[in-house]
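Following: one structure in structure tokens, then a few remarks.
The values are calculated or read from the model by the stated rules, or taken from the named source; none is laboratory data. All of these numbers come straight from a predicted model, not from anything done at the bench. Methodologically, a virtual Cβ is constructed for each residue, glycine included, from the backbone with ideal geometry; neighbour enumeration extends over all protein chains shown. Heads up: the accessible areas ignore ligands, DNA and RNA and are worked out on the full protein's heavy atoms, side chains in. Shrake-Rupley method; radii C 1.70, N 1.55, O 1.52, S 1.80 Å.
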Amino acid sequence: MGSRRRGGVAGPSTVAGLLVAASVPPWGFWILGWAGLGLLAWRLQQLSLRARMAAGLFFGLGLFAPTLFWITEFHAVGFGALLLLEASFFVAACAVVPAGRGGGGAGERLAPGLLAVPGALVLAEMARGAVPFGGLPMAGIPLGQAGGPLAPAARLGAALLVTGLAGLAGSAVAAAARRQWSTAGALAVVVVAVAGAGLAAPDGDQDRAGPTSGAASRRLQVAVVQGGGERGFRAVESDPGQVLQAHLAVSANLSPPLDLVLWPENTIDVVALADTEEAAALGAIASRLQATVVAGVTEDVGELNFQNVAVAWSPAGDIVDRYVKAKRVPFGEHVPLRRLLERVVDLSVLPKDAVAGTGPGLLRTPAGDLGVAISFEVFFPSRGRDAARAGGEILLVPTNASSFTSSQVPTQEVAASQLQAWATG
């Protein structure tokens, strides 16, 4: 009997996770996220604490095994460890959902667990975005809704509100499955009302995002430079000179009028940028086009560290501002517990640790005050919000996907960028 109960938990919970995974880019079938969360909410009813924790584990495994699979390109054991870590947040979330009672039917009251599920999901995503090592808010529930009707709600409460609404939509599905039509309808009305309020909210709300409330909008002519080349190479395996030349070649084809030219992150690799040929080359592009140029630069900080920087050149060809990436990728740009891990793991592909910057991502340039979230930072709503509140009129998300052979990370970054755009107006 106990074995059958565990099987009854594992199967539906795993399927629920897989359905939510199918909503996350590169697949992006957002409505399957509602179905998956509905299946999870339905399955959590009338389970013991231990069974609810098991449901959370299998749900997390079903969700993250596909959406974090790209990590296997770098370290298979690390993928397994991270899979269990990320699933553990949903183990805790499902543990706090009340067991509920009753077997369904139109005459029964709503099981309290159905109302608790959205809040538990929000807590899980909040925790994933903070711990450990600064958090890893990739591959999660809100990214699966970036292309769906719930995305406008990010204007009112960023990605966490989108998560909560997805959970409410799932609870509405579960209530309908229990034939509790009035409850399902009420939950659906709440989802539609909040998403609609986000859609109707004005851009540039000063209290919520930036200082442009009431200001007339203006257009920027922006050129985005893509150097191209093979993918699947680590930074230590690539030739910085070749990368630079590829982007210079593309930039040579640009012509005025332009206000802004954006290069990806990590396209210039130098010990120190000042007074280098690379700096002069970017300055020449800015002067020729009479445009602001923003490019990603990797600079050494001593022998054991580096910094990931977005640097701005003015139309006069001078460097006018720079922003150092504040949110570093754990085990990608820096290795937590390096001294301990290097005794048992080969860290030769990550010989240096990035130094974290401080403050909001903002470049003050002749093209305007430009918000910047460098690559991984786009997954953190606070980075876009802080940039907008500091005066950013547009949010730039320079990234570099050359290390990845699949489209998982780039497409998830696009989804996170869409949520940031809604959240900041």
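Determine which member of the set Leu260, Leu248, Leu273, Leu282 is at pLDDT 95 or above and either in contact with a Ser or Thr (Cβ under 7 Å, 6 or more places away or on another chain) or basic (Lys, Arg) (or both).
Of the residues listed, the single one that is at pLDDT 95 or above and either in contact with a Ser or Thr (Cβ under 7 Å, 6 or more places away or on another chain) or basic (Lys, Arg) (or both) is Leu260.
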If a residue must be within 13 Å of the chain's Cα centre (by Cα) and open to solvent by less than 10 Å² (accessible area, probe 1.4 Å), how many such residues does the stretch 381-408 contain? 1
Criterion first (more than 28 Å from the chain's Cα centre (by Cα), more than 28 Å from Phe380 (Cα to Cα) and open to solvent by 20 Å² or more (accessible area, probe 1.4 Å)) does Ser255 satisfy it? yes
So Ala172 fits all but one of (1) part of a loop (DSSP other than H, G, I, E, B); (2) over 16 Å from the mean Cα position of the chain (by Cα); what number is the exception? (1)
Determine whether the stretch 199-221 contains at least one residue that is modelled with pLDDT under 95 and assigned to a helix (DSSP H, G or I). yes
In the stretch 111-157, residues that are among the hydrophobic types (A, V, I, L, M, F, W, C), open to solvent by less than 20 Å² (accessible area, probe 1.4 Å), within 23 Å of Pro26 (Cα to Cα) and more than 11 Å from the chain's Cα centre (by Cα) total 6
Residues that are touching a residue at least 24 places away in the same chain (Cβ under 8 Å), at least 3 per element: which helices (runs of 4 or more DSSP H) completely within the stretch 335-425 meet that? 381-389, 408-424
Name the residues in the stretch 293-324 that are of a type in the set (Ser, Thr, Tyr) and within 19 Å of Gln221 (Cα to Cα), would you? Ser314
Ala281 more than 27 Å from Ile71 (Cβ to Cβ) and touching a helix residue (DSSP H, G or I) at 6+ places or on another chain (Cβ under 8 Å): yes
Please indicate, with yes or no, whether at least one residue in the stretch 327-339 is open to solvent by 30 Å² or more (accessible area, probe 1.4 Å), within 21 Å of the chain's Cα centre (by Cα) and more than 25 Å from Pro360 (Cβ to Cβ). yes
Within the stretch 223-243, the residues that are among the hydrophobic types (A, V, I, L, M, F, W, C) and either open to solvent by 60 Å² or more (accessible area, probe 1.4 Å) or modelled with pLDDT under 95 (or both) are Val224, Phe233, Ala235, Val236, Val243
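Condition check ((1) in contact (Cβ under 8 Å) with a residue 24 or more places away in the chain; (2) open to solvent by less than 50 Å² (accessible area, probe 1.4 Å); (3) in contact with a His (Cβ under 9 Å, 6 or more places away or on another chain)) across all residues:
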| residue | (1), (2), (3) |
| --- | --- |
| Asp259 | yes, no, no |
| Thr267 | yes, yes, yes |
| Ala274 | yes, no, no |
| Ser287 | yes, yes, no |
| Val301 | yes, no, no |
| Trp313 | yes, yes, no |
| Gly317 | yes, yes, no |
| Val320 | yes, no, no |
| Val324 | yes, yes, no |
Just give me the residues in the stretch 223-242 being part of a loop (DSSP other than H, G, I, E, B) and either within 17 Å of Pro410 (Cα to Cα) or among the hydrophobic types (A, V, I, L, M, F, W, C) (or both), in sequence order. Val225, Gln226, Gly227, Gly228, Gly229, Glu230, Arg231, Gly232, Phe233, Arg234
The lone condition Ser287 fails out of (1) under 23 Å from Asp386 (Cα atoms); (2) polar (S, T, N, Q); (3) part of a helix (DSSP H, G or I) is (1)
